[in-house]
Amino acid sequence: LVDFIKSIKAERKTFLDNFVKPIVLCIFPPDIFESERIFLRDLMAQSGAREIYLSETYSACILSLFTISNTVGKETLCIGERSYQSIKEVKNLEYSETKMYDNSNTEVYDMDFDLVISNKSIDPTKFKTKLILQGEELRIKLIQGIKRLSEHYKIFYFPDEE
């Protein structure tokens, strides 16, 4: 990862790039451990980043659909891969109010969410929510949200899209 960041710097090298450290936005799944987040932050610092912004994938997905000011009061359910840390409710993106649910907790099906984001395949008919992101649509919204998040943090470099 450090080599990748250095290669990006080398690709667009100008005279000023010798003196300016990059700003890095690191997007990661919501169900990683705190120790893994610290590792990512340290890794980005080792790469020579001037500023490091860590954000969970659900933040980017939410921003692909809502503005930052419009996320207040929105309730999002994020379903991750790890069974012991699989369901996270996000009540307010700006302040990261979250609540964890056990994977076997079926009460989430009866709750009203503005958005459900799932990293694994789910049956959308089980949820009251009509707005569900998963699969290819999740990938597209994630890319759109990362661009919005980057604009918010004033990070403007995007590699060529496929």
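Read-outs throughout are calculated quantities, based only on the coordinates presented, and are distinct from any laboratory measurement. This structure is a prediction, so every number in the text was calculated from the model and none was measured. Cβ sites come from the backbone with ideal geometry, for glycine too, and all protein chains shown count toward neighbours.
A compact table of results
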| quantity | calculated |
| --- | --- |
| Label-point separation in nm, Met100 to Ile68, each point 7 Å along Cα→Cβ | 2.8 |
| Computed E for Phe15/Glu51 - FRET, C-beta separation, R0 25 angstrom, nearest 0.05 | 0.75 |
| Length released on extending from Ile38 to Asp110, taking residue separation times 0.36 nm less the Cα-Cα span | 22.4 nm |
